[in-house]
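K.L.:
Supplied in structure tokens, the structure appears directly below.
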Amino acid sequence: MGLARGSVSFVRFKVDGSLPADGEDFLEERLKLYTFRDIDNHTDELSVGWVSLGRLWGLDLNYPPALTGDHLVASLRIDQRKVAPALINKFVQKEEAVILKQKQIPSLTRVERRKLKNKVRAHLLAKAVPVAAMYDICWNLAESSLLLCGGNAIIEGILEDFFKQCFDLILIRDSPLEIAAIGLSEEQASSLRTASPAVFA
Amino acid sequence: MNYLDDIGDYGFVGQEFLTWLWFKSEQRGGAVTLAEAGDIAITFEKHMVLEYGVDDYHERVICSGLNTQLNEARTALRHGKKLEQARIKLSQFNTEYIFTFAARTFGFKNIVLPRSTQPETLMGPDGTGTEGQELNDRIEAIETVVRLFYELFSLFCTVRTSAGWDEELRAIRRWVHGAAERV
């Protein structure tokens, strides 16, 4: 399910800012610079980058064409290492028991326990296999709007930050007031901002 | 104002829009004339979520069913709830777009694109098709849905901020209570 086939779910953003004069070259350069980098053999917790639409591996700007007419299409791949909190707690308690026995003390201080937890978490994260997820995007360059397919509020936040880093442009999520302001006069928009919920019953 | 503040303080605008749209779908056979897009038809499919209140006073009703008149949904309206989510069909020029719209967050879910963008209809006489053309058609269809729906929202906002809103509100209330009488 995504932009290319099947049913599709999306949220829409306004793209705030302008591309430089050499827009197409700039876009291709930035897409390549921020291509997804695999972290399977590293210890990084998160990796975010562009791949070709619907393809888990690699960015090929020609297949499918990333730039088609007024649109730029690609997928945002996000690989993340996660460890279940219950697993962290299990190993923290296990390590804690060993330390308490070695040092013959009744308990750890809060600071010591926090340090132990961070150490255990880092150790388990390094062993975890990153899980990959892809989210299709379609950027209408003529209308300065962007669709993000799939995802949730967390993914939207990651995309906003990454988009700013990649293209130096800001994404503004469509919301009722943002959309309403487009077609209304200043007076009408002000009236809507000060409106109270109507009672339909 | 940022997005989260917007949907927190003004999410009710999206819910009022969706409820108003349901009302409109049951007037004049669901036909609406938009200034730019022209005539469209609106049908509400058999899945709705209605909400009322916030935090500890938040209530939510989910109604769905193939052969129902959504009586529970209509009763919920009478009890002060508004539409938060609905499955909608927009029709224009014999093309149908079916999707679920989330009012507070302005999200589009599970859009079923028109048959004209399905792969088998894009094959040329020699049986070949182009993946790129299929993608372009899907993008165009998605953007058409957004354009039509946003124009409907714009129409609602114009009515909502006009001197005619009181009359429209009275008509909606008559519809809500008239629907309740049919339950």
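K.L.:
Out of A:Ser75, A:Ser107, I need the residue that is of a type in the set (Ser, Thr, Tyr) and under 30 Å from B:Arg138 (Cβ atoms). Which one?
P.N.:
None of the other options fit; the residue is A:Ser75.
K.L.:
Something else: Give the residues of segment A:1-25 that are among the hydrophobic types (A, V, I, L, M, F, W, C), away from chain B (no Cβ under 14 Å) and in contact (Cβ under 8 Å) with a residue 12 or more places away in the chain, sorted by residue number.
P.N.:
A:Val15, A:Leu19
K.L.:
Do you know which residues across segment B:65-93 are at pLDDT below 85 and more than 12 Å from chain A (Cβ to nearest Cβ)?
P.N.:
Residues satisfying the conditions are B:Gly65, B:Leu66, B:Asn67, B:Thr68, B:Gln69, B:Leu70, B:Asn71, B:Glu72, B:Ala73.
K.L.:
Scan (1) under 29 Å from A:Ser18 (Cβ atoms); (2) free of Cβ contacts under 8 Å to residues at least 60 places away in the same chain; (3) within 14 Å of chain B (Cβ to nearest Cβ) for the single condition A:Lys164 breaks and write down its number.
P.N.:
That leaves (3) as the condition not met.
K.L.:
Cβ-Cβ distance below 6 Å, separation of 6 or more or different chains: which pairs start in segment B:134-151 with a residue that is more than 18 Å from A:Ser175 (Cβ to Cβ) and end on one that is small (Gly, Ala, Ser)?
P.N.:
B:Leu135/A:Ala4; B:Leu148/B:Ala37
Matching residues to (1) more than 18 Å from the chain's Cα centre (by Cα); (2) of a type in the set (A, V, I, L, M, F, W, C):
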{"site": "A:Arg5", "(1), (2)": "yes, no"}
{"site": "A:Ser9", "(1), (2)": "no, no"}
{"site": "A:Val15", "(1), (2)": "no, yes"}
{"site": "A:Ala21", "(1), (2)": "yes, yes"}
{"site": "A:Phe26", "(1), (2)": "yes, yes"}
{"site": "A:Glu29", "(1), (2)": "yes, no"}
{"site": "A:Ser47", "(1), (2)": "no, no"}
{"site": "A:Asp60", "(1), (2)": "yes, no"}
{"site": "A:Leu67", "(1), (2)": "yes, yes"}
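K.L.:
Can you name every residue in segment B:11-61 that is surrounded by fewer than 13 Cβ atoms within 10 Å (Cβ to Cβ) and under 23 Å from B:His177 (Cα atoms)?
P.N.:
Scanning segment B:11-61 gives B:Gln27, B:Arg28, B:Gly29, B:Gly53, B:His58, B:Glu59.
Here is a yes/no grid of residues against (1) within 14 Å of chain B (Cβ to nearest Cβ); (2) open to solvent by less than 80 Å² (accessible area, probe 1.4 Å):
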{"site": "A:Ile88", "(1), (2)": "no, yes"}
{"site": "A:Gln104", "(1), (2)": "no, no"}
{"site": "A:Arg114", "(1), (2)": "no, no"}
{"site": "A:Asn140", "(1), (2)": "yes, yes"}
{"site": "A:Leu147", "(1), (2)": "yes, yes"}
{"site": "A:Asp168", "(1), (2)": "no, no"}
{"site": "A:Asp174", "(1), (2)": "yes, yes"}
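K.L.:
Name, by its number, the condition in (1) at the interface with chain A (Cβ under 10 Å from one of its Cβ atoms); (2) open to solvent by 30 Å² or more (accessible area, probe 1.4 Å); (3) under 29 Å from B:Asn71 (Cβ atoms) that does not hold for B:Glu167.
P.N.:
B:Glu167 satisfies all of (1) at the interface with chain A (Cβ under 10 Å from one of its Cβ atoms); (2) open to solvent by 30 Å² or more (accessible area, probe 1.4 Å); (3) under 29 Å from B:Asn71 (Cβ atoms) except (1).
K.L.:
Suppose we filter segment A:40-68 for residues that are assigned to a loop (DSSP other than H, G, I, E, B) and either buried (at least 17 other Cβ atoms within 10 Å of the Cβ) or touching a helix residue (DSSP H, G or I) at 6+ places or on another chain (Cβ under 7 Å) (or both); how many remain?
P.N.:
So the count comes out to 8.
The values are calculated or read from the model by the stated rules, or taken from the named source; none is laboratory data. As the structure is a computational prediction, the values presented were derived from the model and not from experiment. Reconstructed Cβ throughout: ideal geometry from the backbone, glycine too, with neighbour counts over all protein chains shown. The area values use the complete protein model at the heavy-atom level, side chains included, leaving out ligands, DNA and RNA. Shrake-Rupley method; radii C 1.70, N 1.55, O 1.52, S 1.80 Å.
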